[in-house]
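Written below as structure tokens is the structure these notes are about.
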Amino acid sequence: MQAKIVTLPGDGIGPDIVAEAVRVMQQVAQQYGHTFTFEEAMMGGCAIDATGNPLPDETIAACESADAVLLGAVGGPQWSDPTAAVRPEQGLLKLRHHFDLFANLRPVKAYPALAQYAPLRAELLADVDILFVRELTSGIYFGPRQEQGNGTEAHDTMYYNVEQVERVARVAFEAAQKRGGKLTSIDKANVLASMRLWRRVVTDVATDYPDVTLEHILVDAAAMYLMKYPSDFDVVVAGNMFGDILSDETSILAGSLGMLPSASLNAGTFGVYEPIHGSAPDIAGKGIANPIATILSAALLLRHSLHLETEAQTIENAVNATLEQGARTVDIAADPAAALSTTAFTDQVLAQLK
Ligand code: NAD
């Protein structure tokens, strides 16, 4: 197959980790007889410095011509003034909005080889394999908001309509069908009207997926159960804010931020794929960043935008095998002196791919 992939390396460690994920995709293309073309474009702080705009029009145009986008991370101390009119993360929000990326998928796996880095007991981590599906373009982060009373009052509005809940629920049910057949929907239906609508719509959609077992859990209880019984969860669907908080909470089960990929999808096959971590300015330029989250994001890209399931699994298996063999970057190394550089770690993944 032929595919065009736009890369947005961004800031900090972004360029290092994106370059490694591109190497992995190139090798997969070679092994399976595909032709992937890569075009790099600017986004984030580097784009602000070069053009004054965190998401220049040329970058949007490049993404529009692509099958999928692989993003590194944006931001850094030089652009972090909260009162600045132009900020790197505005580029991210604009990108999500422009492409209507309403479904944010975050798989969280606990790797036995890394159990010592997670704050939970190893026996609780056995078999943890959760897929978060977070609604990304509505909810309280996008509802009407206002500051009033000369800085003494403010409000934000949690808004959902039937169509918004239904489309993200369908993504979650379809994912559950392909996985363990269980979907947990998170809400706060006992208090919030928007969340009563959420629960009603998810329950209605469930009738189209009789092979999926649906359960509803209130967000406060879910925060506790995810830590107490993490291996009981399969697919979890949540609104924008609850999904944001719970998926971050759950990310600690993987042992390092450097392990976790994500996909942000629209109604078609287009998606933006990125690690969940930020630009890690504290280690930028040192060549020691963990490339796994970005390499696994490339696997998600192959799976969801290019429908190359075998190739995606090949990458995931190669990462697993690399960890099982004992290769480590410094963030997941018991002995930092024995840790591999970003590039040397990826070399091991490439060797496993073969
Ligand atoms: P961060 O995720 O960048 O870093 C948190 C800690 O995790 C740091 O100690 C860092 O070194 C470490 N870390 C992160 N990724 C790693 C990797 N791949 N390998 C090894 N260690 C890794 O979060 P932060 O420090 O809060 O934010 C730094 C900048 O990134 C800020 O400007 C923030 O706004 C931005 N940010 C961007 C995104 C994004 O682009 N999607 C997401 C979160 C934060």
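The values are calculated or read from the model by the stated rules, or taken from the named source; none is laboratory data. All of these numbers come straight from a predicted model, not from anything done at the bench. In this analysis, Cβ positions are derived from the backbone assuming ideal geometry, glycine residues included, and neighbour counts consider all displayed protein chains. Please note that ligands, DNA and RNA were not included when accessible areas were found on the heavy atoms of the full protein model with its side chains. Shrake-Rupley method; radii C 1.70, N 1.55, O 1.52, S 1.80 Å.
Beta bridges per DSSP, both residues in the chain: antiparallel share near 40 percent.
To put it simply, the accessible area of segment 62-206 at a 1.4 Å probe is 51 percent carbon and sulfur. At each listed q (0.15, 0.26, 0.32 Å⁻¹), what is the log10 of I(q)/I(0) that the Debye formula gives for segment 315-354 modelled as equal alpha-carbon point scatterers? Per q value, in the given order, log10 I(q)/I(0) is -0.30, -0.82, -1.09. Among residues other than Gly75 with Cβ under 9 Å from its Cβ, the summed charge is -1 (Lys and Arg +1, Asp and Glu -1). Oblate is the label for segment 238-354. Its Cα gyration tensor axes, ordered a ≥ b ≥ c, give a/c of at least 1.5 and b/c at or above a/b. Convex hull volume of the Cα atoms of the chain, normalised per residue: 143 Å³. Solvent-accessible surface of segment 254-338, taken per residue with a 1.4 Å probe and all protein chains present: 34 Å².
Taken over the alpha carbons of segment 151-214 as equal point scatterers, the Debye sum produces base-10 log I(q)/I(0) values at 0.22 Å⁻¹ of -0.87. Taking the chain as a Gaussian network of alpha-carbon nodes connected by springs under 10 Å, the highest mean-square fluctuation of the residues Ser80, Ser305, Ser194 belongs to Ser80. Summary of the geometry: segment 170-248 and segment 47-88, compared by the centres of their Cα atoms, lie 32 Å apart.
Debye calculation, C-alpha points only, no solvent: report log10 I(q)/I(0) for segment 74-150 at q = 0.18 Å⁻¹, in the same order as the q values. The Debye formula, applied to the Cα set alone, gives -0.94. Within the P(r) computed for segment 119-254, what percentage of the Cα pairs occupies the region above 17 Å? The answer is 59 percent, as a whole percent. Residues whose amide H lies under 5 Å from that of Met43, counting only those 5 or more places away or on a different chain, are Gly10; hydrogens are built 1.01 Å from N in the peptide plane.
Using a Gaussian network model of the chain in which every pair of alpha carbons under 10 angstrom is joined by a spring, one finds that among Thr294, Thr329, Thr83 the greatest mean-square fluctuation is at Thr83. In units of the compact-protein estimate 2.2 N^0.38 Å, segment 1-113 shows a Cα radius of gyration of 1.17.
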